[in-house]
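Step one of this worksheet: look at the structure below.
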Amino acid sequence: MRPLITLTTDFGTTDHYVGTMKGVIARIAPEAQVTDITHGIAPFDVMSGALAIAATAPYWPEGTVHVIVIDPGVGSERKQIASRVDGQIFVCPDNGLLEFIWRRARNIETRELSDDSLFLKPVSQTFHGRDIFTPVAAHLANGTPFEQLGSVVADPVRIDIPEPERVDDNTVRGHILKADAFGNLITDLGEEWHPKGDFQLSVAHSLIERLLPNYTEAEPGELFAIIGSSGWLEISAKEESAAAITAAEPGDEIVLRMLG
Amino acid sequence: MRPLITLTTDFGTTDHYVGTMKGVIARIAPEAQVTDITHGIAPFDVMSGALAIAATAPYWPEGTVHVIVIDPGVGSERKQIASRVDGQIFVCPDNGLLEFIWRRARNIETRELSDDSLFLKPVSQTFHGRDIFTPVAAHLANGTPFEQLGSVVADPVRIDIPEPERVDDNTVRGHILKADAFGNLITDLGEEWHPKGDFQLSVAHSLIERLLPNYTEAEPGELFAIIGSSGWLEISAKEESAAAITAAEPGDEIVLRMLG
Amino acid sequence: MRPLITLTTDFGTTDHYVGTMKGVIARIAPEAQVTDITHGIAPFDVMSGALAIAATAPYWPEGTVHVIVIDPGVGSERKQIASRVDGQIFVCPDNGLLEFIWRRARNIETRELSDDSLFLKPVSQTFHGRDIFTPVAAHLANGTPFEQLGSVVADPVRIDIPEPERVDDNTVRGHILKADAFGNLITDLGEEWHPKGDFQLSVAHSLIERLLPNYTEAEPGELFAIIGSSGWLEISAKEESAAAITAAEPGDEIVLRMLG
C-alpha cells in the first residue's frame, strides 16, 4: 500500500505554495499519496485548524502522516514538532494545533523536529511548510524512524479552550466552535449533552426549541438543533445559513436548558 | 490500472468534509485514485451539479465510479442510488442529479443503496457523503457487484428542465443553463440550433448578432456568441463577464432568430 | 516511478473544467500522477501564471511535465508550445507564460504543438486545456518523444517585464510583482539587492525601515521587509495584509535606498 500524507493549511489555493509542497514530497517520497484536507483555514486561525484535523483524523488509516501548517510564528523561536498518536503521525508547529487530537488520545509521543538532515536546505524564514514540515513527513512516509526526528517534548503548547460547564441540574453553558461553509454552527456539546426531551437553547439573540433528524423537516427560516456528523450538537437552518441568521461567532457562549 | 473515483459536491473546500471522504476511500479501497471534479457547486444547486457531472463524464474512462453529493434532503426519506450508465457508475442521492446523464444514455440500470453492510457505521444524519456515498463507491471500485447494492429503482427522480422550443420556422426559444467562473453564459442550444448565417439572439436586455470563432476577435465590451466546449451555444465577452454585462441568470429565456 | 504532471490555470475550481482535464489524462496516461499547482490565477493574468510556475518548478523532479493554461487567445492564431528546460517540460500557449522559467534556464528547446494526432478530437474553439495541452502532456508522460510534437520555435513570445534599475550608488528602483493570499507583497529585488544595513524602502505612500527575520517580531500594524521563500524581498505585516495597508499593486514601482 502507498504511504499516505494529508495536508491542512491556511495557505489558500491561489498561490503556488501547496503545489510546491507536493513537489517536495514527490522528490523525497515518490510513492506517497498526498491528499488535501483543506487549505481554506482562515489565516492564522490555529483553533480552526485544530478542529479540522481532529474531525478528519479518525477516518484515515493507521500509519497516515498528517501535515498541519497554520503557523503565525514561522521563523521565530516556536518549536516544530511531530506527535505520534494512536498509530498516526502529526507534523506541525508547536502552537496548539493538536489540542483536540491529544484530548481524546490514549498513546501520545511528541518529538521536536531538530534533525536538520531531514530538512530542505537552505531553510527559508517564511515557508517551513516547504522546507521542514513536508520534507519531514515525506521521510517518515519513507520509513525514517520517528525517534530520529529529535528529542521528546514533554510540555507542548496547548490551547486553553473552555469545556462546557454545568450551571445547574438542567442547564449547561457551552460554546460555538465554528461555522462551516453552509453556515451550520458547530457547538462543543457532545453526546452527553444532547437533548432527550423538551429544551431551550439560547444562541446569541435566538431561542431554539426543536431537535430535528434532518434539514428537510424544518420550516423556512427556522433555526433548529441537529446532531452533527462529528457527534457535536449543531445549529442549522434549511438551505440557509444559521451563522448569518444568528450572527453568532466562534467562541460565543450558548446556554442549553432541559425542560420538565 | 488503478480504479478511478471522482467527486462532485457543494461542500466547498474550507471545511474538512472532502478530505474526510478521501480518508474513507483510502481505508476501503487503498488502490483507488480519487479526483475532484468540483466542490464549488452552489449549495443545494442540484441543477448545476447535474450539468457538471454530465459535462465531465464523457471524458472519463469506462469503469470510473462518480460520486455526486448535492443533497439538501440528507437524512430524509429521499432514496440514495447508484446508476450504471454506458459503462460508468454514478453514486448519488435520488434528486435529479443524473438528469443530463440519463437524457443521452443508451444503457441505464439504477439501484437503490440499501445494503448497509457497505456503509460506514454509525450512519450520521447529516453527512451521507462520508457514511454512504463514498464507502459504496469505494466498494464498487474494489469490485463489489453492482447488483449487490439493492433493488432496481424503476422511476428515479427527474428534473423538469424545459427543452428549447421552436416558436416559428426561424425562431427558437432556449434558456441560460449556467454561468461559468469566467462569466460565460452557457445556453441549452445544442448543435442543431447553432446559427449558420445572420441572426439575432436576445438575452435579457441585450441583442447579440455575431458568432465568433474565438475571444480575441471581439471588440472590448462586445457580447458575442461562440460554440462552447460541450457543444452548447455560449454568450461571452472578451476578458469580461457576459453574465455581469447582461445580468442574465440560469433559467432565463433567450430567443434566437435566424435572418434571411 | 509514476510520471508526474502538474496543472496551473486560471480556470478556478467551481466549474468542471479542471476535473475534465484530469479525465483526459486518466484515459491517455493512467499511470501519471497529476498535481494541481493552482487554478486560482486571476483570469487572463499571464504575468501571475508566469510567476507561479517559475516559483514551483525548481521543487519538482526532473522529468515532470508542467501544463500551464492562462490563455486569453484560445482559438486564435497564437501558437501552442512545449518547452524543454533543464530536464522538465512545460506545455502552454505561446504568450509569455515561461518568461521567468526561461530567464534563469541553461538549456532550452521550444517546439510548436502541431502534431494533431496527439490532440483530443474534435478540438473545441474554447477549451484547448482539455483538447490540446493535457493530451499532449499525457502523451509526453507516456514517453512520446519531445521532437515529435512539431518544429522548433526560435522566437517564442516574451513578456517585457522591467528589471530592477540602479538609480545611483545607494539606490535601486524595483517593482511589486504580486501580492499573495496573505497580502505579502513580493518584489523583484533578488539577493543582490537585499539590505545589509540601514535602509529606506518606499512602497506607494509607505516608508519601510526594518528587515525582520520573521513575522512575530513586528509591531501590530507595522510594515516591514523580509526575505521571501523564493529569494525575493517581500513587504509584510504581522497577521495583516501589507497589500491592503499600502494599497500597492502589481507593477507599482518601489525605491530602496541604502543608508550610511
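The values are calculated or read from the model by the stated rules, or taken from the named source; none is laboratory data. Here the structure is a predicted model, which is why all the values come from computation and not from measurement. Every residue, glycine as well, gets a Cβ built from its backbone with ideal geometry; the counts of neighbours run over all protein chains shown.
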1 or more residues at pLDDT 95 or above and among the aromatic types (Phe, Trp, Tyr): qualifying strands (runs of 3 or more DSSP E) within region C:34-144: C:88-93
Options C:132, C:161: the member that is among the β-branched types (Val, Ile, Thr), surrounded by 22 or more Cβ atoms within 10 Å (Cβ to Cβ) and in contact (Cβ under 8 Å) with a residue 24 or more places away in the chain: C:132
Got a number for residues in region C:207-256 being under 23 Å from residue C:52 (Cβ atoms) and either part of a strand (DSSP E or B) or touching a strand residue (DSSP E or B) at 6+ places or on another chain (Cβ under 6 Å) (or both)? 18
Would you point out the residue of region B:3-18, among those that are within 7 Å of another protein chain (Cβ to nearest Cβ) and surrounded by fewer than 23 Cβ atoms within 10 Å (Cβ to Cβ), that is nearest to residue A:40 (Cα to Cα)? B:14
Take residue B:186 and tell me if it is closer than 18 Å to residue C:15 by Cα, crowded, with 19+ Cβ neighbours inside 10 Å and more than 14 Å from chain C (Cβ to nearest Cβ). no
Say whether the condition of being without any contact (Cβ under 8 Å) to a residue 60 or more places away in the chain, within 14 Å of chain C (Cβ to nearest Cβ) and over 22 Å from residue C:132 (Cα atoms) is met by at least one residue in region B:199-209. no
Residues of region A:19-31 being in contact with a helix residue (DSSP H, G or I) (Cβ under 6 Å, 6 or more places away or on another chain) and either surrounded by fewer than 23 Cβ atoms within 10 Å (Cβ to Cβ) or in a helix (DSSP H, G or I) (or both), which ones? A:19, A:20, A:21, A:23, A:24, A:25, A:28
Can you tell me how many residues in region C:214-228 are crowded, with 18+ Cβ neighbours inside 10 Å and more than 7 Å from chain A (Cβ to nearest Cβ)? 4
For region A:189-198, what are the residues that are surrounded by fewer than 18 Cβ atoms within 10 Å (Cβ to Cβ) and either of a type in the set (Gly, Ala, Ser) or away from chain B (no Cβ under 14 Å) (or both)? A:190, A:192, A:193, A:196, A:197, A:198
Would a scan of region A:78-87 turn up a residue that is farther than 20 Å from residue C:227 by Cβ, among the acidic types (Asp, Glu) and surrounded by fewer than 18 Cβ atoms within 10 Å (Cβ to Cβ)? yes
Report every pair of residues separated by at least 6 positions or lying on different chains whose Cβ atoms are under 6 Å apart, first residue within region A:94-117 and among the hydroxyl-bearing types (Ser, Thr, Tyr), second part of a loop (DSSP other than H, G, I, E, B). A:110/A:153; A:110/A:156; A:114/A:150
With respect to residue C:125, is the statement that it is within 14 Å of another protein chain (Cβ to nearest Cβ), over 20 Å from the mean Cα position of the chain (by Cα) and not hydroxyl-bearing (Ser, Thr, Tyr) true? yes
Has region B:169-180 got any residue that is without any contact (Cβ under 8 Å) to a residue 40 or more places away in the chain, under 26 Å from residue B:91 (Cα atoms) and not assigned by TED's automatic domain parsing to the domain that holds residue B:120? yes
Residues (more than 7 Å from every other protein chain (Cβ to nearest Cβ), in contact (Cβ under 8 Å) with a residue 60 or more places away in the chain and in contact with a His (Cβ under 8 Å, 6 or more places away or on another chain)) located in region C:52-70: C:69
Looking at region A:32-41 only, could you name the residues that are farther than 16 Å from residue A:89 by Cα and either surrounded by 24 or more Cβ atoms within 10 Å (Cβ to Cβ) or at the interface with chain C (Cβ under 8 Å from one of its Cβ atoms) (or both)? A:38, A:41
Looking only at residues that are at positive phi and touching a residue at least 40 places away in the same chain (Cβ under 8 Å) in region A:233-253, which one is farthest from the other protein chains (Cβ to nearest Cβ)? A:247
Determine whether region C:95-102 contains at least one residue that is touching a Lys or Arg at 6+ places or on another chain (Cβ under 7 Å) and within 14 Å of chain B (Cβ to nearest Cβ). yes
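Taking the condition under 27 Å from residue C:59 (Cα atoms), among the charged types (D, E, K, R) and outside the structural domain of residue C:52 (by TED's automatic domain parsing), does residue C:234 pass?
Yes.
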